[in-house]
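Input: a single structure, listed below in structure tokens.
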Amino acid sequence: MKFLTTNFVRCAVKSCAASSDSFPLVFSECQLVQQEQDFDAEFLTSMLDRLDWPALIKVAADLGNNSIPQVKPENIDPEDPESERILRDLHSLLLETQITEGKMICNHCQHVYYIKNSVANFLLPPHLAN
Amino acid sequence: MKQYLIYLAQSHPGFRKAELESLAVLENIELDLADYTDESPFLVVRLQNDDEAYRLVHRSILCRGIYELWGHGDDLQSLHDSIRLTSQPHWAEYLHKSFKFEIIGYQGKKKTTKEQVALIETFEYLGFEGVIDMKTPEVRFTVLEKYHIEGGGPTAQPDHVWFGREICVSARVRGAVDEYDLKKRPYHGTTSFDAELSLVSCNLAHCSRGKVMYDPFVGTGSFLVAGAYFGSSVFGSDIDIRPLHGKDSKTKNIHANFEKYGTTHLFGDVLTMDFTNNALRDTFQIDCIVCDPPYGVREGLKVCGTKNEAKAEGKENLIINGEKAFLRKDYIQPKKPYELDLLLDDLLRFAAQKLPIGGRLCFWMPTANDELIPTLIPHHENLELIYSLVQDFNKWSRRLLVYVKRDENYKGITMSKKDRSGVNNFRDRYFSGFRPEVETEK
């Protein structure tokens, strides 16, 4: 599971959907690997719009990274060197950081999801599914 | 407006017009397809300029190429008359450019080199002085001849001949269909979707750079690699964890396919997930949805839950080694059967909620051929069904349904399972060999 994806998933339990506690999930006991990817500034710029920045800061902190800027970078121009530096940092964090093993916990219902062998599992037990 | 000739592939003709229309919408090109027919691979269209022509055909799978039309006629003489009459103002522009002539014959017999040279020499009056460059010419001119089969062989003379300057060839001619062929893919399975129609589906869905595509029944990721081919970033999920892990961690998995195609930077992720208990946050925007829902020929359609409620009661309190069993890492979530019709309703509801205005949902639906098809097709009040394109097999067919999310002014109807008179029990019909006497349960 890429770090990027942590920004798009919440608890799968239907009764948690309305709660702000169901996103982001709390990440714990995670093992990370860095996996090199081609840098694509245009792609990252378009992804930036879709990111929930406070959730990004929170999950990064769960994983031991407290150096994320407090506000989402704005006016990104891939031609500008300062913007490119920001995008390269984001590239490394969002796309090159893989969570290979770990737990994701819902802060609303406390259900635990696992990441195994780099794939996150959101399947629910019968009493939580419907 | 100028005239351009499109040369179409004779493959899935029933999908060609929809692909052209979809690409025109995607590229914001005004296109009149009144002259289009499924029977002919030649189509003359009017466009503003070469740039529009390029954008219309460059990523097409069911077109072959597009040409600025310089003239056409039923025989060589009338072709040349037409060229002199209509294209003379263009000639000077190419006077000193390196060039090449190509000949395309539809249903014609292969020309000998001598015949080719003889044909090309009839164009001498154009007076080009540039060098002939067979590999990298600055400009390519193409003679397109249409023959037909008569008495078991091609006719001696063409029915019609077109001449034009090539603007571009399509993704198909550049090799996309061949390159994405399943047999050449590191990782594929029994349910992998064929390359050509995966790519066509992604064209109809408007997959393109800067957009996010999602396949909720991703399997081995056939639609994901096709979506990434067109530059969209792609996400998938599946209730079955096995195809997501692949056969081994290095060479036979979904990621290995992206590596082969050089699109790993567009591969978002694949998640194990029950589509009906979806973990994607509501505010995460998805621009296109492309999928082949599990109609369950190989394995019945399943969602999370238990078949036997009574037996499962209280299981949530089971403790193993001081831990709740269902919270343990090795816990396996049980699954129960689900109806295809209900799943399709879920899919439409999801798409109506997730897609931006103008965003598209494309999915494949199999049906037995003797069913009353319109009674099986789901509708949602915010989604307009714009295409229902049929790929026919012997006793069954599958159709690609394409929906567009409309704004609040669109007044559609919702036809969910309870409103539809038909029941899509494709799996039962499949296993009974589509025998007509099998009564469908209502």
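We did not get these values from a lab; they are worked out from the coordinates using the rules stated. The structure presented is a predicted model; accordingly, all values stated were derived computationally and were not measured. Note that we place each Cβ from the backbone using ideal geometry, even for glycine, and neighbour counts take in every protein chain shown.
Suppose every Lys and Arg Cβ carries +1 and every Asp and Glu Cβ carries -1, with no other charges. What dipole size does the protein assembly as shown come out with about its Cα centre, to the nearest 20 debye? Walk me through the numbers before you get to the answer.
Numbers: 67 positive and 82 negative charges, 395 e Å.
Around 1900 debye, computed over the protein assembly as shown.
For chain B, what is the charge dipole size about the Cα centre, in debye to the nearest 20, if Lys and Arg each add +1 at the Cβ and Asp and Glu each add -1 at the Cβ?
Value, rounded to 20: 1580 debye.
Taking Rh as the Kirkwood radius computed over C-alpha pairs, what is the Stokes-Einstein D of segment B:87-212 at 10 °C in a medium of viscosity 1.306 mPa s, expressed in µm² per second?
87
If Rh is defined by the Kirkwood formula over all Cα pairs and Rg also comes from Cα, what ratio Rg/Rh do you get for segment B:180-250? Before the final figure, lay out the partial values.
Numbers: Rg = 11.8 Å, Rh = 12.3 Å.
Here the Rg-to-Rh quotient is 0.95.
If you count, for every residue in A:35-48, the Cβ atoms of partner chains within 10 Å of its Cβ, what is the mean?
Going residue by residue through A:35-48 and averaging, the value is 3.
Can you tally the net charge around B:Ala53? Count Lys and Arg as +1, Asp and Glu as -1, for every other residue whose Cβ sits under 9 Å from the Cβ of B:Ala53. Could you put the intermediate results ahead of the total?
Numbers: positive: B:Lys2, B:Arg55; negative: B:Asp50, B:Asp51, B:Glu52, B:Glu68.
So the environment of B:Ala53 carries a net charge of -2.
Tell me the Rg and the Dmax, in Å, that the Cα atoms of segment A:3-128 produce.
15.4, 52
Distance between the C-alpha centers of segment A:66-117 and segment B:178-221? Whole Å please.
Segment A:66-117 and segment B:178-221 have Cα centres separated by 27 Å.
How high is the relative contact order of chain B? Use alpha-carbon pairs under 8 Å, at least six apart in sequence, and give a whole percent.
Numbers: 861 pairs, mean separation 48.7, N = 442.
For chain B, the relative contact order is 11 percent.
What share of all Cα pairs of the protein assembly as shown, in percent, falls into each consecutive 10 Å distance bin?
In order of increasing distance, the bins hold 3, 15, 23, 23, 17, 11, 6, 2, 0, 0 percent.
Fewest Cβ neighbours within 10 Å first, please rank B:Met134, B:Met213 accordingly.
B:Met134, B:Met213
What are the chymotrypsin sites (Phe, Trp or Tyr not before Pro) within segment B:371-416 that DSSP puts in a loop, where the Cβ has at most 13 other Cβ atoms within 10 Å? Present the calculation step by step, with values, prior to reporting the outcome.
Working: sites: B:Tyr387, B:Phe393, B:Trp396, B:Tyr403, B:Tyr410; in loops: B:Phe393, B:Tyr410.
The qualifying sites are B:Phe393, B:Tyr410.
So, counting K/R as plus one and D/E as minus one, what does the shell of residues with Cβ under 11 Å around A:Leu123 add up to?
Numbers: positive: B:Lys302, B:Lys335; negative: B:Asp238, B:Asp240, B:Asp274.
My count for the surroundings of A:Leu123 gives -1.
Taking only the Cα atoms of segment B:200-353, how large is their convex hull per residue, in Å³?
In segment B:200-353, the Cα hull volume divided by residue count equals 149 Å³.
Determine the dipole magnitude for segment B:2-169: charges of +1 sit on the beta-carbon of Lys and Arg, -1 on that of Asp and Glu, nothing else is charged, the reference point is the Cα centre, and the result goes in debye to the nearest 20. Don't skip to the answer; put the middle values down first.
Values: 18 positive and 27 negative charges, 102 e Å.
For this selection, approximately 480 debye.
What do you get for GluC sites (Glu not before Pro) in segment A:48-130 restricted to DSSP loop and a cutoff of at most 14 other Cβ within 10 Å of the site's Cβ?
Working: sites: A:Glu74, A:Glu79, A:Glu82, A:Glu84, A:Glu96, A:Glu101; in loops: A:Glu74, A:Glu79, A:Glu96.
Hits after loop and neighbour filter: A:Glu74, A:Glu79.
Quick one: B:Thr191, B:Thr263, fewest Cβ neighbours within 10 Å first, how do they rank? Walk me through the numbers on the way to the answer.
Values: B:Thr191 16, B:Thr263 21.
Going from least to most buried by this count: B:Thr191, B:Thr263.
Give me B:Glu259, B:Glu145, B:Glu150 ranked fewest to most by other Cβ atoms within 10 Å of their Cβ, as a rough exposure proxy.
In increasing order of surrounding Cβ atoms, one gets B:Glu150, B:Glu259, B:Glu145.
Contact order normalised by length for chain A, with contacts defined as Cα pairs under 8 Å and 6 or more residues apart; what percent is it?
Once normalised by length, the contact order is 40 percent.
Which of the GluC sites (Glu not before Pro) found in segment B:340-442 are in a DSSP loop and have at most 12 neighbouring Cβ atoms, other than their own, within 10 Å?
Qualifying residues, ordered by number: B:Glu408, B:Glu437, B:Glu439, B:Glu441.
Just tell me which lysines come within less than 18 Å, Cα to Cα, of A:Lys72; anything on the same chain fewer than 8 places away is out.
In chain and number order, the partners are A:Lys58.
Of A:Pro125, B:Ile286, B:Leu383, which is farthest on the positive side of the dipole of the protein assembly as shown, counting Cα position, with +1 on Lys and Arg Cβ, -1 on Asp and Glu Cβ, and the Cα centre as origin?
The one lying farthest along the dipole's positive direction is A:Pro125.
For Cα pairs less than 8 Å apart in space and 6+ apart in sequence, what is the mean separation divided by the residue count of segment B:2-169, i.e. the relative contact order in percent? All intermediate terms of the calculation are to be shown ahead of the outcome.
Values: 310 pairs, mean separation 44.4, N = 168.
Dividing the mean separation by the residue count of segment B:2-169 yields 26 percent.
GNM on chain B, C-alpha springs below 10 Å: top fluctuator among B:Gln353, B:Gln48, B:Gln77?
Of B:Gln353, B:Gln48, B:Gln77, the most mobile in the Gaussian network model is B:Gln77.
Given B:Lys315/B:Lys335; B:Lys183/B:Lys247; B:Lys302/B:Lys417; B:Lys247/B:Lys302; B:Lys110/B:Lys183, which pairs have Cα atoms separated by over 26 Å?
Those over the limit are B:Lys110/B:Lys183.
Express the C-alpha Rg of segment A:1-61 as a ratio against the empirical globular expectation 2.2 N^0.38 Å, rounded to two decimals. Mind dumping the intermediate values first?
Working: Rg = 13.3 Å, N = 61, 2.2 N^0.38 = 10.5 Å.
For segment A:1-61, the normalised Cα radius of gyration is 1.27.
Rounded to a whole number of µm²/s, how large is the Stokes-Einstein D of segment B:2-169 at 37 °C and 0.692 mPa s, given Rh as the Kirkwood radius over C-alpha pairs?
In µm²/s, the coefficient rounds to 197.
Within the P(r) computed for chain B, what percentage of the Cα pairs occupies the region above 30 Å?
The calculated P(r) of chain B puts 53 percent of pairs beyond 30 Å.
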